[in-house]
Amino acid sequence: MADDTLPQYPFPLGPLGEPPEEYSELRAKCPVTRVRLPSGDTAWMVTGYDEVVAAMSDRRLSRAALRDPGAVRTVSGEDFSDNPYNLLNQEGPDHSRLRRLISPAFTPRKAELWRARIVEIADELIDRLIEGPRPADLHHDFAAVLPVWVICEMVGAPVEDREKLQTWTDRLVSITAHTPEERLSAREESAAYVAGLVARHREQPGDDLLSTLISARDDDDRLNERELVWLGINLLVAGHDTTVSAISRALFQLLRHPEQWQRLVDEPELLPGATEELLRYAPPSEIGFMRIATEEVELAGTKVAKGEGVIPVMHAAGRDVRHVSDPETLDLARTDVAHLAFGQGHHYCPGAGVARVELQAAFGTLARRLPSLRLAVAPEQVEWLGGLLTLRPRALPVEW
């Protein structure tokens, strides 16, 4: 296929915030296909479950190589892939070293220790919803607050700074929604903010993750100063953005399928499995993080040349009929859930345990406190915010 006739990536959303309609056909017929990027470059997009697992597990497909001169680019101008200190952009020993520093804070056991506090925060946000105007905006006043509140407490940032953290995040994870200049300014402003946090925590250390990282930097010299700042940014941005989108998008789908919402209300024991099904059916994004082939790689019979870009769309994999029966149906009691919402391989999300607890707390607390929760508008009237790495509604009006 000639470059000027290639499909344009990212694809437009399907109706009602559903995955792009092209994914189903591509998974069945061409799970590795060439696409044109917003920058004008081309890359291979991967949509099948097995193929995505293979691509994300292959060390020859490198995030760090995105910074090589002349590398394929998703967008023109500065973006988050240019930052060598971003954990997602690293490979090899440095990547492993930095992950080891933060991983102890996000183990499943540590995540469980946070469950009661996360439920407390969810209850407080619901109290505010009940006392506030109706219809309420479940995205802005619940889903967009809970994860950033949690990560601020974990890291040691003031919760009242959540609005500016969200503004910087939206720019940092932008594909087409913001200009290169806006992306660069967000990078600089967020770095200055975290550097200020570091200075304050050096003077007054606390029982938080940032103080722990400062100790590793100052006592054991396991971090340099820029790595310390960017680990803080990684934690504050990645520690809430995808979870915000996962909660909002899942709540929309639950309320669009009222029989499934009622099932969750009536059968709270379904919550752990239901959370996995919602991650499969309504993941936080519909796009993927590009890698560069450092040597020739074969994916599903397709030869990827050295230097070519590969985009494993991990969120497209959850509707692969080879792994999930009737994948277009949301079924909270499903037993054959297969998804890659947290990634695969050495870039698997280190915060997956905490994210799962947050999702379970969000859905479970809402089902307990507001069992009659329902959309206040027709599902078709909910608008979706595009152009970002994650997907979320602009607003989610609800009644109860």
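Just so it is clear, none of the values below were taken in a lab; they were calculated from the coordinates. What you are looking at is a predicted structure, and each value in this text was computed from that prediction instead of being measured. Positions of Cβ are generated from backbone atoms using ideal geometry, with glycine treated the same way; all protein chains shown enter the neighbour counts.
Tabulated data
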{"quantity": "Dipole moment magnitude, nearest 20 debye, region 165-318 about Cα centre, only Lys, Arg, Asp, Glu C-beta charged", "calculated": "420 debye"}
{"quantity": "Inter-part distance where region 91-119 and region 311-363 are each reduced to a Cα centre, Å", "calculated": "19 Å"}
{"quantity": "Sorted peptide list for 360-371, 202-213, 237-248, criterion being average Cβ within 10 angstrom, highest first", "calculated": "237-248, 360-371, 202-213"}
{"quantity": "Highest to lowest packing among 93-99, 183-189, scored as the average C-beta count within 10 Å", "calculated": "183-189, 93-99"}
{"quantity": "Considering only the chain, percent of DSSP beta bridges that pair antiparallel, nearest 5", "calculated": "80 percent"}
{"quantity": "Computed helical MRE - 222 nm, the chain, DSSP H runs ≥ 4 contributing -39500 (n - 2.57), nearest 500", "calculated": "-14000 deg cm²/dmol"}
{"quantity": "Rounded if a/c under 1.5, otherwise prolate or oblate - region 335-400, Cα gyration tensor axes", "calculated": "oblate"}
{"quantity": "Shape call, region 98-194: gyration tensor on alpha carbons, a/c limit 1.5", "calculated": "oblate"}
{"quantity": "For region 3-399, alpha-carbon Rg relative to the globular expectation (2.2 N^0.38 Å, N residues)", "calculated": "0.96"}
{"quantity": "Farthest positive-ward along region 3-399 dipole, Cα basis, beta-carbon charges - from 264, 116, 53", "calculated": "53"}
{"quantity": "DSSP H segments from the chain that extend 20 Å or more along their own axis, Cα-based, with Kyte-Doolittle mean of 0.0 or above", "calculated": "241-256, 352-369"}
{"quantity": "Residue 296 paired with residue 346, simple spin-label distance in nm, labels 7 Å along Cα-to-beta-carbon", "calculated": "2.4 nm"}
{"quantity": "Sequence of 49, 193 once ranked by neighbouring C-beta atoms within 10 Å, starting from the fewest", "calculated": "193, 49"}
